[in-house]
Amino acid sequence: MINMLQSENLKYKRTFAKLVVFIAPMYVFAYSLFMNQYFFVNAMNWWSFVILPFIIAIVTALSVIIETKAGQYRTLKSKNINLKNMWTSKIIVIGYYTFISSIVIIVSFLVIKLIYNSNLIDIKNLIIGTIIIWITTLILIPICLFIAEKFGDFAAIVVTCGGIVAGVIVSVEPMWYLCPWSISSRLMCPILGLNPNGMLLEPGDPLLDSSVILIGLVVSIAGFIILSLLTSLWFAKKEAR
């Protein structure tokens, strides 16, 4: 498995996939420098339901493009390779890249907070919020990877666009946890004190209920594990034919 992870990581060497992991958070950082402190808090909101999901969509699409250029798994049929482990390694490596991107955005947010001397969000919530965003968007990796592999690389980006729109709408509804794209933005409501539409929440607003955090984490982690397993089984059967 370690060899597969190393091999999978090497596939992204000198590709846009590695660049986007750093470009996206640095773009947020650079843009935030020219905006006010309210934009800084909204930047975290945008990171949760737009930017990080798009990073996942782009990297999964590029993963399929890389495999297509390399012969689209043709050589696998002549080698004794565990296809389920191969698929799992793809998911883990992409998850690793999104984690690195999350670390970069945390550092960027901390620098911006010092510049603005903003009290709208404390450092603890900033760090915890960003890590929660990373955890709750992991579920999107097997989803986007499956869509890109099944329907084409561009399909993952199209579905993500639709998922983001649906996520913003569903995140304020009672069944928010049923939409993978709405979970992270819903959990940011009590952490950031923001509505997914960017408006500050008034004290006593139901969206400030912090009990949703545990629900969202459990649903995301369980969904990530289940979908990773199911898609790995699908991939193994597909490529074994």
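The values are calculated or read from the model by the stated rules, or taken from the named source; none is laboratory data. These numbers come from a predicted model, not from an experiment. Using ideal geometry, Cβ is built from the backbone for each residue, glycine included, and neighbour counts are taken over all protein chains shown.
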Notebook entry, point to check: From the list K150, K237, which one is under 30 Å from K84 (Cα atoms), among the charged types (D, E, K, R) and surrounded by 14 or more Cβ atoms within 10 Å (Cβ to Cβ)?
Noted result: K150
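Answer yes or no as to whether I157 is among the β-branched types (V, I, T) and either surrounded by fewer than 17 Cβ atoms within 10 Å (Cβ to Cβ) or part of a helix (DSSP H, G or I) (or both).
Numbers: among the β-branched types (V, I, T): yes; either surrounded by fewer than 17 Cβ atoms within 10 Å (Cβ to Cβ) or part of a helix (DSSP H, G or I) (or both): yes.
Spelling it out, I157 is indeed among the β-branched types (V, I, T) and either surrounded by fewer than 17 Cβ atoms within 10 Å (Cβ to Cβ) or part of a helix (DSSP H, G or I) (or both).
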Note to self: For the stretch 186-208, which positions are surrounded by 19 or more Cβ atoms within 10 Å (Cβ to Cβ) and assigned to a helix (DSSP H, G or I)?
What the structure shows: R186, L187, M188, C189, P190, I191, L192
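Working carefully through the options N9, N45, find the one that is touching a Gly at 6+ places or on another chain (Cβ under 9 Å) and either in contact (Cβ under 8 Å) with a residue 12 or more places away in the chain or assigned to a helix (DSSP H, G or I) (or both).
Values: N9 fails: touching a Gly at 6+ places or on another chain (Cβ under 9 Å).
That would be N45, the only listed residue that is touching a Gly at 6+ places or on another chain (Cβ under 9 Å) and either in contact (Cβ under 8 Å) with a residue 12 or more places away in the chain or assigned to a helix (DSSP H, G or I) (or both).
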Margin query: Pairs please, first residue from the stretch 84-104 and in contact (Cβ under 8 Å) with a residue 40 or more places away in the chain, second anywhere and among the charged types (D, E, K, R), Cβ atoms under 7 Å, 6+ apart in sequence or on different chains.
Written below: S89/E8; K90/E8; V93/E8
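Go through the residues of the stretch 69-85 one by one and say whether even a single one is hydrophobic (A, V, I, L, M, F, W, C), at negative phi, modelled with pLDDT of 85 or more and assigned to a helix (DSSP H, G or I). Please lay out each step first, then the result.
First, pick out the residues of the stretch 69-85 that are hydrophobic (A, V, I, L, M, F, W, C): 70, 76, 81, 83.
From what is left, the residues that are at negative phi are 70, 76, 81, 83.
Remaining after also requiring modelled with pLDDT of 85 or more: none.
Looking for residues that are hydrophobic (A, V, I, L, M, F, W, C), at negative phi, modelled with pLDDT of 85 or more and assigned to a helix (DSSP H, G or I), one finds none in the stretch 69-85, hence no.
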Next item on the list: Name the one entry in L233, L194, L227, L178 that is in contact with a strand residue (DSSP E or B) (Cβ under 9 Å, 6 or more places away or on another chain) and more than 13 Å from T136 (Cβ to Cβ).
Entry: L194
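Being surrounded by 14 or more Cβ atoms within 10 Å (Cβ to Cβ) and hydroxyl-bearing (S, T, Y) narrows it down to one of S211, S220, so name that one.
On the way: S211 fails: surrounded by 14 or more Cβ atoms within 10 Å (Cβ to Cβ).
Exactly one residue qualifies, and that residue is S220.
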Check: Considering the stretch 118-154 alone, what residues qualify as being free of Cβ contacts under 8 Å to residues at least 24 places away in the same chain and farther than 21 Å from I92 by Cα?
Finding: N119, D122, I123, K124, I127, F151
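Does P174 fit the bill of being outside any helix (DSSP H, G or I), within 18 Å of the chain's Cα centre (by Cα) and modelled with pLDDT of 90 or more? First the steps, then the outcome.
Working: outside any helix (DSSP H, G or I): yes; within 18 Å of the chain's Cα centre (by Cα): no; modelled with pLDDT of 90 or more: yes.
Considered against the rule, which asks whether it is outside any helix (DSSP H, G or I), within 18 Å of the chain's Cα centre (by Cα) and modelled with pLDDT of 90 or more, P174 comes out as no.
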Next item on the list: Considering (1) in contact with a Phe, Trp or Tyr (Cβ under 6 Å, 6 or more places away or on another chain); (2) under 17 Å from N125 (Cβ atoms), say which one G167 fails and leave the rest.
Entry: (2)
Next item on the list: Find the residue count for the stretch 160-180, including only residues that are in contact (Cβ under 8 Å) with a residue 40 or more places away in the chain and either of a type in the set (S, T, Y) or closer than 20 Å to T60 by Cα (or both).
Entry: 7
